[in-house]
Amino acid sequence: MMNGAIRPVRILGLDPGLRRTGWGLVAVSGARMVHVAHGVIAPKDSLPFAERLLILFEGITEVIATHAPDEAAVEETFVNNNASSTLKLGHARACCLIAPARAGLLVAEYAATVVKKSVVGTGAAEKEQVGFMIRRLLPTAGQTTADAADALAVAIAHAHHRTARAYA
């Protein structure tokens, strides 16, 4: 803090996936929100399951160490008809919850419909619509992958809801 300036709150958004976990970081100060960084952690499919989870966990831990977020937000698991896929996604999601919790961060969780509604205005938005809005809301993010755009959307949803959650 210099000259009484308040440091913006840095929010890490995480979009869990065993193949590709997206992450996105925004800084929020009042109504102002700026892009800080984003990326994807993608373990090789050929690795054993436990090693893939370890790579996800260590990757998220490295993002936290590098970018020093103040809070984290994770998208909730979408349950589908394939129980095995849902269970595996749950393991990836656990990495997304545990790594920031271990770093002492507040970790919020949001349903995909809440994330989409926060960014696009409708909970039934398509991935392309989310990506389009991320480019409009965070122009310095440039072109993002769908996973990174989703993670940035999770961070934005948390930015919109964090004040209401603090007073609930």
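Rule-based calculations on the coordinates, nothing more; no lab input. These figures come from a predicted structure and were not determined experimentally. Neighbour counts run over all protein chains shown; Cβ positions are idealised from the backbone, glycine included.
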Once the principal axes of the Cα atoms of segment 35-168 are found, what is the range along each, listed largest first in whole angstroms? 39, 34, 33
What do you get for trypsin sites (Lys or Arg not before Pro) in segment 1-93 restricted to DSSP loop and a cutoff of at most 10 other Cβ within 10 Å of the site's Cβ? 44
So what does the Cα-only Debye profile of segment 56-125 read at q = 0.22 Å⁻¹, as log10 I(q)/I(0), no solvent term? -0.99
For the chain, set up a Gaussian network in which alpha carbons nearer than 10 Å are linked by springs, and say which option among 150, 45, 70 fluctuates the most. 45
Quick one: 3J(HN,Hα) in Hz for segment 61-66, Karplus 6.51/-1.76/1.60 with θ = phi - 60°, rounded, Gly and Pro as x. 4, 5, 4, 5, 5, 6
Taking the Cα atoms of segment 1-114 alone, what are Rg (to one decimal) and Dmax (as a whole number) in Å? 15.2, 56
If each of residue 34 and residue 137 carries a label point 7 Å out from its Cα toward its Cβ, how far apart are those two points in nm? 1.8
Of 55, 156, 11, which is the most mobile in a GNM of the chain whose springs link Cα atoms less than 10 angstrom apart? 55
Two-site label geometry, residue 85 and residue 66: point separation in nm, points 7 Å out along Cα→Cβ: 2.9
Over segment 1-64, what lengths in whole Å, largest first, do the semi-axes of the equivalent ellipsoid take, defined as the square roots of 5 times the eigenvalues of the alpha-carbon gyration tensor? 32, 11, 7
Most mobile listed residue (83, 73, 99) in the chain, GNM with C-alpha springs under 10 Å: 83
Computed helical MRE - 222 nm, the chain, DSSP H runs ≥ 4 contributing -39500 (n - 2.57), nearest 500: -15500 deg cm²/dmol
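Quick check on the chain: of the DSSP beta bridges with both residues there, what percent are antiparallel, nearest 5%?
Numbers: 16 of 25 bridges.
That works out to approximately 65 percent antiparallel.
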The set of residues whose placed amide H lies less than 5 Å from the amide H of residue 68, leaving out same-chain residues fewer than 5 positions away, is none
